[in-house]
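Everything below concerns the one structure shown next.
The values are calculated or read from the model by the stated rules, or taken from the named source; none is laboratory data. Being a predicted model, the structure only gives us computed values, none of them experimental. Neighbour counts are summed over all protein chains in view; Cβ atoms, including those assigned to glycine, are modelled from backbone coordinates with ideal geometry. Surface areas here come from the heavy atoms of the whole protein model, side chains and all, with no ligands, DNA or RNA. Shrake-Rupley method; radii C 1.70, N 1.55, O 1.52, S 1.80 Å.
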Amino acid sequence: ARAEDFTVKLTIQVDERRREAVLVTVREAKGAQAAGRFRQLVNSKFFDGCAIFRVIPGVVLQFGLSSNRTLQAQWDAQPLSDEAVAHPDWNIRGSVAFVASDTSPRGTQLIINLDDNPNLDDKGYVPIGRVVFGMPTLASVYSGYRDRPQQAEIRNRGGEYLQSEFPRLSRIVSVRQVAFVEEPLVMSKNFTGLLITVGMVLAA
């Protein structure tokens, strides 16, 4: 591992009874500015208490808007600039990327892909890391609200909006750096299927 690579532990309050851990390993080579921003957000405890406010089951989940309106505004004033990545990762199952759009630069929001989402590869979603432990936990976070929570309202009203209108959302209790964990070789469902197909052909 490079000195700049690191692993973080997300402690997630899945529901009232379940609190579980997810590990994500970040690679500096996959986007130095983005990896650096993520480390800053972790070290400043920005993600503590953030709701996982958008969950499309089996597709993607999204988090990274603070319930503290003042704190969110401070980070919104420091957007990430675009950066060239020589060999960007694909948006495969388990990959983690900052949210990007044509109208706003990358900031504090991230997605975790719950499946292979190649349609995001050309939309500015450049993965900087991968889940190395805890995908079943992510698949079980509350998804009943899907994409109903509105980002503008979270920014305007903060935690009061989410608590009053979307009380069952799963939340991130904390994100802390932990001992480095190497990524597993195989993460992509498509890649796994390819290996199985090749194996069947070779065995025939």
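Does the range 144-156 contain at least one residue that is among the aliphatic types (A, V, I, L, M) and surrounded by 18 or more Cβ atoms within 10 Å (Cβ to Cβ)? Give the steps one after another, and end with the answer.
The initial filter retains those residues of the range 144-156 that are among the aliphatic types (A, V, I, L, M), namely 152, 154.
Going one step further and asking which of them are surrounded by 18 or more Cβ atoms within 10 Å (Cβ to Cβ), we end up with 154.
So far as the range 144-156 goes, yes, one or more of its residues are among the aliphatic types (A, V, I, L, M) and surrounded by 18 or more Cβ atoms within 10 Å (Cβ to Cβ).
Given the criteria surrounded by fewer than 16 Cβ atoms within 10 Å (Cβ to Cβ), over 12 Å from the mean Cα position of the chain (by Cα) and hydrophobic (A, V, I, L, M, F, W, C), does residue 77 qualify? Full working, then the answer.
Numbers: surrounded by fewer than 16 Cβ atoms within 10 Å (Cβ to Cβ): yes; over 12 Å from the mean Cα position of the chain (by Cα): yes; hydrophobic (A, V, I, L, M, F, W, C): yes.
In short, yes.
Looking for something open to solvent by 60 Å² or more (accessible area, probe 1.4 Å), farther than 20 Å from residue 174 by Cβ, of a type in the set (D, E, K, R) and not in a strand (DSSP E or B) - is there at least one such residue anywhere in the range 61-70? Yes, the range 61-70 has at least one match. Find the residue count for the range 19-45, including only residues that are in contact (Cβ under 8 Å) with a residue 60 or more places away in the chain, closer than 24 Å to residue 68 by Cα, out of contact with any helix residue (DSSP H, G or I) (no Cβ under 7 Å at 6 or more places or on another chain) and not in a strand (DSSP E or B). Of the residues in that region, 8 qualify.
When each of 118, 136 is tested for being farther than 18 Å from residue 63 by Cβ and modelled with pLDDT of 95 or more, the lone residue that passes is 118.
Within the set 153, 83, the sole residue that is farther than 16 Å from residue 40 by Cβ and touching a helix residue (DSSP H, G or I) at 6+ places or on another chain (Cβ under 9 Å) turns out to be 153.
Tell me whether the range 87-107 contains one or more residues that are over 24 Å from residue 29 (Cα atoms), open to solvent by less than 60 Å² (accessible area, probe 1.4 Å), part of a loop (DSSP other than H, G, I, E, B) and among the hydroxyl-bearing types (Ser, Thr, Tyr). Looking for residues that are over 24 Å from residue 29 (Cα atoms), open to solvent by less than 60 Å² (accessible area, probe 1.4 Å), part of a loop (DSSP other than H, G, I, E, B) and among the hydroxyl-bearing types (Ser, Thr, Tyr), one finds none in the range 87-107, hence no.
Residue 119: of a type in the set (S, T, N, Q) and either surrounded by 15 or more Cβ atoms within 10 Å (Cβ to Cβ) or touching a residue at least 40 places away in the same chain (Cβ under 8 Å) (or both), yes or no? Considered against the rule, which asks whether it is of a type in the set (S, T, N, Q) and either surrounded by 15 or more Cβ atoms within 10 Å (Cβ to Cβ) or touching a residue at least 40 places away in the same chain (Cβ under 8 Å) (or both), residue 119 comes out as no. Among residues of the range 158-169 that are in contact (Cβ under 8 Å) with a residue 40 or more places away in the chain, those with a Cβ under 6 angstrom from a residue that is open to solvent by 20 Å² or more (accessible area, probe 1.4 Å), sequence gap 6+ or separate chain, pair up as 158/67; 158/69; 159/67; 166/145; 168/142; 169/142.
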